[in-house]
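None of the figures in this text is laboratory data; all of them are computed from the coordinates on show. Not measured: the values here are computed from a predicted model. Counting neighbours? That spans all protein chains shown, and the Cβs are built from the backbone with ideal geometry, glycine included.
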Amino acid sequence: MTPLKIGFVGLGTMGLPLANNLRRAGHALTVWNRSAERSQVLAKKGARIAATPRDAATGQELVFTCLSDERALEAVLEGPDGILAGLKDGDVLVDTSTAGTREARSIEERVLSRGASFLAAPLLGSKGAAEQAQLVVVCGGPAPARERARPALHAVSARLVELESPADAALMKLVVNSLGGAMISGFAEALALGASGGLELSTIVDTIQASGFHSPLYLVKGEQIVRRDFAPRFGLALAEKDQRLAQEAAAEQGAKLPVNQAVRQLFAEAVASGRGEMDLAAVAELVFERSGVKR
Ligand SMILES: NC(=O)c1ccc[n+]([C@@H]2O[C@H](COP(=O)([O-])OP(=O)(O)OC[C@H]3O[C@@H](n4cnc5c(N)ncnc54)[C@H](OP(=O)(O)O)[C@@H]3O)[C@@H](O)[C@H]2O)c1
């Protein structure tokens, strides 16, 4: 493998392990994160710390971003110190954030105007999969750019799904997360139905897992809900954002998604109740509260 020069902006829950796996695979990393202390972990392992997002993007073959949402992305892309100002002809920007279809189209347009290429490469899988390079990456964009990014994307994933355009990849991510949102909401309600009638939560989880409706999601989230362990692996505020983005894409496309609308409302209320920084599993606590389930 030929080592690539890679700039990486956004070292949060997902970004840090992604960047670390790129480093482990032998690529030369330059990193930038808004909170500087998170860059230190990688600096100790040989990464260069950039002064600005623009500095992180300058002179690289690939530039990765992994930011919370559209607002965070815009903050690192635009302005004299932004990534766009550092891109030149032939560069490839790879955005791994979940930021929706509209943002994917908007970034693509601006990146193309600088002579560079844009790939949306949202991530399926959470913190553990990111640490073990076991993510599924959905990568959308022009074939030559995908070919250039492939060695780096293979270094962080177990499977790569390739699509023709950034907006297609962004939409596919929303497809998967709208299903995940419906699954966790339905799971929380099923637990509330049983627990409000006196059934033990752990017995309900075991029984669901023995049924034809079992799922790895219910296994992991069920354990967290039983233990009331809501340390963020995938935060509720991010999960709410994903359902909002799915609603926005549906509205643009003329699709009607009443279940997704209800899920978004539930997640928004969970965030409003002060659980935004907790793990997605904490949505069950709100459902339990409303159902009079005592913990
Ligand atoms: N966590 C998961 O399980 C998971 C799974 C699949 C996809 N995703 C998606 O991947 C993306 C990253 O998720 P995450 O869990 O890594 O989020 P996170 O831990 O909250 O990290 C967010 C990153 O965005 C940066 N950021 C936020 N606002 C900013 C701003 N205004 N200016 C500059 N930087 C800003 C943060 O910097 P600071 O460190 O300074 O706050 C941090 O580097 C999200 O789009 C999420 O939906 C997450």
In segment 1-115, if the dipole is taken from +1 on Lys/Arg beta carbons and -1 on Asp/Glu beta carbons about the Cα centre, which of Ser68, Gly46, Thr101 is farthest to the positive end?
Gly46
Size of the chain along its principal axes in angstrom, Cα-based, largest extent first?
63, 45, 33
So the angle from the long Cα axis of helix 236-253 to the longest Cα principal axis of the chain, reported in degrees to the nearest 10, equals 80
Tally Lys/Arg at +1 and Asp/Glu at -1 over every other residue whose Cβ is under 9 Å from the Cβ of Ala143; what's the total?
-2
Fewest to most Cβ atoms within 10 Å: Ile208, Ile83 sort as Ile208, Ile83
Formal net charge of residues neighbouring Asp81 (Cβ-Cβ distance under 14 Å; K, R +1; D, E -1)
-1
Taking the number of other C-beta atoms within 10 Å as the exposure measure, put Thr98, Thr207 in order starting with the fewest.
Thr207, Thr98
Quick one: which residues, 5+ away or cross-chain, put their amide H under 5 Å from the amide H of Phe64? H built at 1.01 Å from N.
Gly7, Phe8, Val9, Val94
On a 0 to 90° scale, report how tilted helix 166-196 is relative to the longest principal axis of the chain, with both axes built from alpha carbons and the result rounded to the nearest 10.
20
Among Phe187, Ala210, Leu174 - extreme Cα towards positive end, dipole of segment 171-290, charges at beta-carbon
Leu174
Please compute the net charge surrounding Ala133, taking Lys and Arg as +1 and Asp and Glu as -1 over other residues with Cβ under 15 Å from its Cβ.
+4
With DSSP loop assignment and no more than 10 other C-beta atoms within 10 Å, the trypsin sites (Lys or Arg not before Pro) in segment 6-88 are Lys44
What list of ³J(HN,Hα) couplings, whole Hz, do you get for segment 107-121 from phi and the Karplus terms 6.51, -1.76, 1.60, once you set θ to phi - 60° and write x for glycine and proline?
5, 3, 4, 5, 5, 4, 5, 9, x, 9, 10, 10, 10, 8, 9
Report, by chain and number, residues whose modeled amide H sits under 5 Å from the one on Ser117, excluding near sequence neighbours (fewer than 5 apart, same chain).
Gly90, Asp91, Val92, Leu93
If you plug each phi of segment 143-154 into the Karplus form 6.51 cos²θ - 1.76 cosθ + 1.60 with θ = phi - 60°, what whole-Hz ³J(HN,Hα) values come out, in order, with x for Gly and Pro?
4, x, 5, 4, 5, 5, 7, 3, x, 5, 5, 5
Contact order relative to length of the chain, as percent, for alpha carbon pairs under 8 angstrom and 6 or more apart:
14
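Scan the chain and hand back the longest stretch that contains none of the GluC sites (Glu not before Pro) lying in DSSP loops with at most 13 other Cβ atoms within 10 Å.
1-163
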Can you run phi through the Karplus equation (6.51, -1.76, 1.60; θ = phi - 60°) for segment 36-47 and list ³J(HN,Hα) in whole Hz, with x for Gly and Pro?
4, 4, 5, 6, 4, 3, 7, 4, 5, 9, x, 6
Would you mind checking Lys221/Lys241; Lys88/Lys241; Lys173/Lys241; Lys127/Lys173 for any pair whose Cα atoms are more than 23 angstrom apart?
Lys88/Lys241
Fewest Cβ neighbours within 10 Å first, please rank Asp206, Asp89 accordingly.
Asp89, Asp206
Long-range amide H contacts for Ile49: which residues qualify at under 5 Å (H placed 1.01 Å from N, peptide plane, sequence gap of 5 or more or a different chain)?
Val31
